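Undergrad: The following block contains the structure, expressed as structure tokens.
Every number here is computed from the coordinates shown, using simple stated rules; none is lab data. Worth saying up front: this structure is predicted, and the values here are computed from it rather than measured. Methodologically, a virtual Cβ is constructed for each residue, glycine included, from the backbone with ideal geometry; neighbour enumeration extends over all protein chains shown.
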Amino acid sequence: MVVTDRSVLPEWIDYNGHMNVAYYGLAFDNAIDQMFDDHIGNGEAYVRAAAQGMFVLQSNMQFLQELRLGQVFSVSFQLIDHDTKRLHFWSEILLDGQVCATQEVLAMHVDLTTKRSAVFPDWLQTRLARLQADHATLARPKRLGAKLGIRRG
């Protein structure tokens, strides 16, 4: 599911002449916010009304192709798994259909007043189950669960 199209902004370019690593994180985060707002229903309006939201527990980004000033990219989202409190999802930054970066995330639903984990409301669990069923038909990302380390051979 493609979430958004964006352009690489001048302030995102570093001294290496490409998009700085920090802005990949921002691009992923903004796209996920849009996904939560537009497609799932647990975005900013939900957070303000319910005083509950998502906290990232773990994130792994991989950088495969650089992005340069002005290039227009999209961000895709795939729900890998969920339970009553957590989401495991995969996102890709795409340039003309080519994967430039990936992000794998484990996030927890949290009560913002107690800062403790909280069960998703029933309506949200239903939406997530439907979305996961839809996404189960998609190919499992090849880089999902990738180990970090130096290959020795």
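Undergrad: Quick one, which of [x] 0.99; [y] 1.29; [z] 1.07 is the actual Rg/Rh (Cα atoms, Kirkwood Rh) calculated for this model?
TA: Only one listed value fits the structure, namely [x].
Undergrad: While we're looking at this one, here's another question. In whole Å, what is the distance between the alpha-carbon centres of the stretch 1-62 and the stretch 85-102?
TA: What the calculation gives is 11 Å, centre to centre.
Undergrad: At 0.36 nm per residue, and after removing the present C-alpha to C-alpha distance, how many nm does the segment from Gln98 to Ala22 gain when stretched out fully?
TA: Length gained between Gln98 and Ala22: 25.3 nm.
Undergrad: Which one, Trp12, Asn60, Leu128, projects farthest toward the positive side of the charge dipole computed for the stretch 2-135 from Cβ point charges (K/R +1, D/E -1)?
TA: Leu128
Undergrad: Excluding residues fewer than 8 places away in the same chain, name every one of the lysines whose C-alpha is closer than 22 Å to that of Lys115.
TA: Straight-line reach from Lys115, under 22 Å: Lys85.
Undergrad: Calculated FRET efficiency, Ala136 and Tyr15, Cβ-Cβ r, R0 30 Å, to nearest 0.05?
TA: Calculated transfer efficiency: 0.10.
Undergrad: Using the crude model of +1 on Lys and Arg Cβ and -1 on Asp and Glu Cβ, and no other charge, please compute the dipole size for the stretch 2-135 relative to its Cα centre, in debye to 20.
TA: 380
Undergrad: Counting only other residues whose beta carbon sits under 12 Å from that of Ser76, what net charge do I get with K and R as +1, D and E as -1?
TA: -2
Undergrad: Quick check for me: using +1 on Lys/Arg Cβ and -1 on Asp/Glu Cβ, what's the dipole size of the stretch 92-153 about its Cα centre, in debye to the nearest 20?
TA: 420
Undergrad: Are there trypsin sites (Lys or Arg not before Pro) in the stretch 81-126 that DSSP puts in a loop and that have at most 11 other Cβ atoms within 10 Å, and which ones?
TA: Loop-located and lightly packed - Lys115.
Undergrad: Using a 7 Å offset from Cα along Cα-Cβ at Asp29, what residues in the stretch 112-152 end up with backbone N under 19 Å from the label point?
TA: In the stretch 112-152, the label zone of Asp29 (backbone N under 19 Å from the point 7 Å along Cα→Cβ) covers 112.
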